[in-house]
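A short write-up of the structure that comes next.
The values are calculated or read from the model by the stated rules, or taken from the named source; none is laboratory data. Here the structure is a predicted model, which means the values were calculated and not measured. We place every Cβ from the backbone using ideal geometry, glycine too, and count neighbours over all the protein chains shown. These area figures cover heavy atoms from the full protein model, side chains too; ligands, DNA and RNA do not enter into them. Shrake-Rupley method; radii C 1.70, N 1.55, O 1.52, S 1.80 Å.
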Amino acid sequence: MYETAFRSEEFPAAERFGRWRELVQRAHAPLEADSPHRADFQGRLRVLGVGAVTVWPATFQPAVLRRTPELIRRYDPEAVHVSLPLRGRLRVAREGRADGYGPGSLCVLDTSCPCEVWAGDGDGPYSGIGLEVPRNLLNLPPGRLAEVTRHRLSAREGLGALLAQFLSTVAADAARYRPSDGPRLAAVAVDLLSALFAHALETDRSLPPEDQRRALLRRVQAFIRRHLHDPHLSPRTIAAAHHISLSHLHRLFRDEGSTVSAFLRDQRLRRIRQDLSDPGLHGTPIHAVAARWGLTDPSAFSRAFRLAYGTSPSDYRQRALAPGGTPAVARNGLVANAAGR
């Protein structure tokens, strides 16, 4: 996790707007920017690199930002940008329509599509948190991102509220996290955003049945990842949480060539393996590491770990934490993780 910060008071008045614009472009994508206050621009911006995603809390005087077709041709990070307004409003013009977003809502932008964004109300400053996620991490069905941007996504209830709470917590407590926490936090951000988009698309009954099924499956998988710590998580509780029958849940995973229990076990073992290779957790007993991810029976956990990775948890940790040592099972597992995403 890395952090870059901008504070307007640290620069001469004539340089402030240019410096702010430069950092916004680095956090987002090439864009045009203007402000009625550019002669003496006031604002603060922090860019937090969280694994593969970027979180940027910001407060600044009213400004307009434009992503033009020419700038898109010049460079496109192919990312999804989500803005959480905390104070002031965003007005967005795109695809021949104009939308407004205030506190309690989420604004979704596609860096591949032209848009114009006005931030702030009158002379009042805008304050909010931005989230930048590579599009290929979201497992979004082709062509569905445009549909997501047309939905009114709430930040006050459901999955939108969970995402808003996560962003606010990361922005407030960035100094508390270790570098090794970055990939874990990024995974949470991607899971929450994927689940939010899947839920939005699932509510659109005009979608083909297969797309509805996939959206529900992604939502269920994200739910499982968020509740791995719960030792009572089971197919029955998962089905109940999504208001579907147990047979419907099993059918979702069977159609993907898997089972609910296998997916749950695999996700837990991956998180445990990751923690066992974390030097910051070397003093935590192995059984406690397993328990924090919902596997409370040490014998059953040890058997499952050996079956999955061909070595015992203690041997894996010893080799993983040896100077310069990354056991083959870890390398193979990382490859498998990347291939499975």
- Could you give the size of the charge dipole of the chain about its Cα centre, using +1 on the Cβ of each K and R and -1 on the Cβ of each D and E, expressed in debye and rounded to the nearest 20? 900 debye
- Item | Alpha carbon centroid spacing (whole Å) that separates segment 71-117 from segment 1-67 | 16 Å
- Long-range amide H contacts for D121: which residues qualify at under 5 Å (H placed 1.01 Å from N, peptide plane, sequence gap of 5 or more or a different chain)? R89
- For the chain, find the longest principal axis of its Cα atoms and tell me its angle to the long axis of helix 158-172, 0 to 90°, nearest 10. 80 degrees
- On each of the three principal axes the extent of the alpha-carbon atoms of segment 1-64, given in whole Å and largest first, is 35, 23, 15
- Task: Classify segment 70-219 as rounded, prolate or oblate from the Cα gyration tensor: take a ≥ b ≥ c as the square roots of its eigenvalues, call it rounded if a/c is under 1.5, otherwise prolate when a/b beats b/c and oblate if not.
- Result: rounded
- Note on the structure: Here P(r) for segment 222-315, Cα-Cα distances in 10 Å bins, as whole percents, is 15, 45, 28, 10, 1
- Averaged over all directions, how much area does the convex hull of the C-alpha atoms of the chain cover when projected, in nm²? 19.2 nm²
- In cubic angstrom per residue, the convex hull of segment 1-160 built on its Cα atoms measures 117 Å³
- Message: Output the 0 to 90 degree angle, nearest 10, between the alpha-carbon long axis of helix 260-276 and the longest principal axis computed from the alpha carbons of the chain.
- Response: 80 degrees
- Take the alpha carbon gyration tensor of segment 155-310, find the square roots of its eigenvalues, order them as a ≥ b ≥ c, and report rounded if a/c is under 1.5; if not, report prolate when a/b exceeds b/c, else oblate. oblate
- Query: Tell me, what is the 1.4 Å probe accessible area of Y101, in Å² to the nearest 10?
  - Reply: 10 Å²
